[in-house]
Amino acid sequence: MPLTADTLLVQYNKYMKIFLFLLLILAQLGLQAADKLVIIQSVSQSGQTFAIRSGAREGITWGQESLFSTESSAFKARAYEVTRFYSVWKIHDPRGSVPFRKGDYVVFTGSIELAGIRDAGQIQGQSLEQISFMNSGKKSTWMVRGNLTSGISESVTETDAERSGERSGLQFGIFYVFKFHYRWELDLGLRYDRELVSYTDPLIDVLTNRYLGVAEMQFHFDRMRNSQKNIFIALGMTYGRSASTIDEFISTGTAYSLPIARIGIQQNKEGLKAWTFDLAVEAMHVTESFSDTEPQDTTLINGKFAIAYKF
């Protein structure tokens, strides 16, 4: 039978269904083997036993040995009571006690053999960062950030030509940080810019001050192995007022940045406290005018190095 568009479409749909079915099976197997977060339902007074809301329905059996991990430790426990929806576990060390309380999240690794293949750096990865986020009652903090800036390029819209000159400056900002996911955070704040440009043609210095509102979204990758550091990237924008002084004359107007792109490293401390160090590129659009002139649009590209502290 000759192949037509209709028969090809039928065969395509058939094989796609088979492919998706196999993919679903593989995904289910992967989920069963992977670490997962569980919530502690209760802890005994001795700290030797605890209960979780996972039972026979999730494949837990009586006598099963599994690994439980927190931010700071990992230990084995044996299931000695199992119902359909719950299971009660007892730790191996008779002198020890569990390092968590009712309502805390821990990482549950169902297979001891699987856990033995991996090292501690792999176990304390993504899932433990989720624990840190979920067990922390604090989801917001404050941040102060200082930037050193250096000009990369400058162009005036009306002439479509680049100006030659040396531009450098300082930026200082304070931000409210809302961490709504263990990987994501939203930073909202205010920033003050002070920038000096020395032009060679004509030979003049221009001092600019800006007051800007800032919004920025950060994405944090997993922590590095056996480390409290992680890499992050961010995109942001600003909007506010700008004023430039040229030979005692002042031009005023508005300024906005879109986008600000950052890549950096974060040194995590206790709770949400952290130091961050990053490199950034900022595209700023400025519209200013003197009292007796038409507005002039200028596009600035700046490179930046920033240090920030979250507290």
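Values quoted throughout were computed directly from the atomic coordinates according to the rules given, and no laboratory measurement underlies them. Owing to the predicted nature of the structure, the values given are computational and were not obtained by experimental measurement. Here the Cβ is made from the backbone with ideal geometry for all residues, glycine too, and neighbour counts use every protein chain on show.
Couple of notes before you dig in:
- Estimated FRET transfer efficiency when R0 is 41 angstrom, pair Lys90-Gln228 (beta carbons, to 0.05): 0.85
- Amide H contacts of Glu81 (H built 1.01 Å from N, under 5 Å, at least 5 apart or other chain): Val88
- Of Gln218, Ile260, Ile246, farthest towards positive along the dipole that unit charges on Lys, Arg, Asp, Glu beta carbons give region 210-272: Gln218
- Panel order for Met284, Met237, by other beta carbons found within 10 Å of each beta carbon, from fewest to most: Met237, Met284.
- Residue-span extension gain [Glu294 to Ile250] - 0.36 nm each, minus C-alpha spacing: 14.5 nm
- Label-zone membership for region 251-280, site Arg194, 7 angstrom Cα→C-beta point, backbone N under 19 Å: 251
- Derived scalar couplings ³J(HN,Hα) [region 260-274; Karplus, 6.51 cos²θ - 1.76 cosθ + 1.60; whole Hz; x for Gly, Pro]: 10, 10, 10, 9, x, 10, 10, 9, 7, 10, 5, x, 9, 5, 6
- The C-alpha radius of gyration of region 152-311, expressed as a fraction of 2.2 N^0.38 Å, stands at 1.18.
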